Amino acid sequence: MKNLFFVFLLISNTVFAQINFDDYFLSKTLRFDYSRAGNSDTSYIFFEQIKEEPFWGGSKVNLTDTFNFGDYRIMLYDSTGTKLLYSRGYSTLFREWKDTEEAKHTPLSYYESVVMPFPKQKVILKLQDRDKKNVFHTVFEYVINPKSYFIVKDKYNKYETERLHGKRDAAIALDIVVLPEGYTEAEMPKFRKDVQRFIKYFFKVKPFKQNKKKVNFWMVKAASEESGTDIPGDNVWRNTILNTHFYTFDTERYLTTRDVNKIRNLAAYVPYDQIYILVNTSKYGGGGIYNYYNLCTADNEYAEQVFTHEFGHAFAALADEYPYGYTDAEELYDMTVEPWQVNITNLVDFESKWKNMVDKDTPIPTPDTEEYRNKVGVFEGAGYVHKRIYRPVHDCKMRSNVTKEFCPVCLKTVKQMLNFYTK
Ligand SMILES: [Zn+2]
């Protein structure tokens, strides 16, 4: 009972007690960089640097994360360590790499970076990992003194920036910064046109369609030496500003980069909530990791669909609703607890998921037949697994490029997230 009571207190504190921004923070960003190194079993954090950046793009009201998404979490406390000032869930490429064959025999290090509003006084930062039972544990702790002269204060005047959509104040807008990858100096006008085209795609999709005024799109005009991106499987190598490449974890279409330091340095030119990297190629592919970054290719025939699919990952932590590579759930999931992603379930605690959106006469699990084609149910095959992981509908933007819409479960989450950012 005692434990239960403690958990309740902790949750209520986390969910409801938003502090007053101006009492604790200045309207700019403190960026905390570290490396996460390890293998499939263990990982360690190594401190890299702290930077001061000119803008704060996030909400000044919703400082404490209310979603409980992501594989990792930052918790920022006042100097006594008792008052929670700011928190955010996130995921990283390292977490995905941990599930690969390579991670079983070769230890590797990934550069990672988290941002928070710039504190006025000393604060305590805790980096936390989610374990297999979905419980967060502190793995690294650091006292940040905002007056320390070791905080890096770089100038941000090398590149031009432009706001291509939106007029809202950054604190109450969803700010998306689009970074050019593999666009040469001569191709900057193409980049601008490409971004405009993607903004059009974005506002065709619900709920962004009805909330155009709540979103700002920014671009930073940072040219690459060469055009395109790396395609290791075809022996194509290009010298580009953000070092992106296809064939991540040997999956051809998986387009990512490990150069998080460079990405943050470019994004810092404007206030931002989400980072979108637009890659100047016609090859099919992309990537999106929760509160980490989005990537999409500029000229592929499916670019329009991929753009918002990846955003579903990076913005709302949505899982892929398709099976890929794994037969049984045990290979990837702990089947004694619900996966934390809102749009997949293993039916361990379905009440906590979308059960209230399923009609009484729809069977659970739901047969994937014509009769239930447009119904919310529980359809087998999702989260990269064929068996015993389920998705909410027959098809969704998080499953295929056929439908252009988020399913009702995904849509609800994206709406909630948009509200959270724009208060
Ligand atoms: Zn969905």
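The values are calculated or read from the model by the stated rules, or taken from the named source; none is laboratory data. Since this is a predicted model, take the numbers as computed values, not measurements. Cβ placement follows ideal geometry from the backbone for every residue including glycine, while neighbour counts extend to all protein chains displayed.
What do you reckon, is K397 within 21 Å of F67 (Cβ to Cβ), within 14 Å of the ligand (Cβ to nearest atom), touching a Ser or Thr at 6+ places or on another chain (Cβ under 8 Å) and outside the structural domain of A303 (by TED's automatic domain parsing)?
So K397 passes the test.
In region 7-24, the count of residues that are at pLDDT 95 or above, within 28 Å of K214 (Cα to Cα) and polar (S, T, N, Q) is one or more.
Regarding T138, is this residue surrounded by fewer than 20 Cβ atoms within 10 Å (Cβ to Cβ), at pLDDT 95 or above and assigned to a strand (DSSP E or B)? For T138, the condition - surrounded by fewer than 20 Cβ atoms within 10 Å (Cβ to Cβ), at pLDDT 95 or above and assigned to a strand (DSSP E or B) - is met.
Against the criterion of being outside any loop (DSSP other than H, G, I, E, B), in contact with a Gly (Cβ under 8 Å, 6 or more places away or on another chain), within 14 Å of the ligand (Cβ to nearest atom) and among the β-branched types (V, I, T), V409 does not qualify.
Within region 354-410, the set of residues being closer than 19 Å to K206 by Cβ and polar (S, T, N, Q) comprises N374, S400, N401, T403. When region 366-388 is filtered for residues that are of a type in the set (V, I, T), farther than 20 Å from Y254 by Cβ and either in the same structural domain as T100 (by TED's automatic domain parsing) or more than 10 Å from the ligand (Cβ to nearest atom) (or both), the ones remaining, listed by number, are T366, T369, V378. Of the residues G312, G377, the single one that is farther than 30 Å from Q274 by Cα and at pLDDT 95 or above is G377.
Among the residues of region 349-361, the ones that are assigned to a loop (DSSP other than H, G, I, E, B) and surrounded by 15 or more Cβ atoms within 10 Å (Cβ to Cβ) come to 3 in all.
One line per residue, one yes/no per condition, for (1) at pLDDT 95 or above; (2) closer than 16 Å to F307 by Cβ; (3) surrounded by fewer than 22 Cβ atoms within 10 Å (Cβ to Cβ):
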{"residue": "H165", "(1), (2), (3)": "yes, yes, yes"}
{"residue": "R168", "(1), (2), (3)": "yes, no, yes"}
{"residue": "V178", "(1), (2), (3)": "yes, yes, no"}
{"residue": "Y183", "(1), (2), (3)": "yes, no, no"}
{"residue": "F191", "(1), (2), (3)": "yes, yes, no"}
{"residue": "F202", "(1), (2), (3)": "yes, yes, yes"}
{"residue": "V205", "(1), (2), (3)": "yes, yes, yes"}
{"residue": "K213", "(1), (2), (3)": "yes, no, yes"}
{"residue": "N216", "(1), (2), (3)": "yes, no, no"}
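Consider A317 against the criteria (1) touching a Leu at 6+ places or on another chain (Cβ under 8 Å); (2) surrounded by 22 or more Cβ atoms within 10 Å (Cβ to Cβ): it satisfies all of them except one. Which criterion is unmet? So A317 meets the others, but not (1).
Can you tell me which residue within region 67-83, out of those that are part of a strand (DSSP E or B) and surrounded by fewer than 20 Cβ atoms within 10 Å (Cβ to Cβ), is farthest from the chain's Cα centre (by Cα)? Going through the qualifying residues, I end up with D78.
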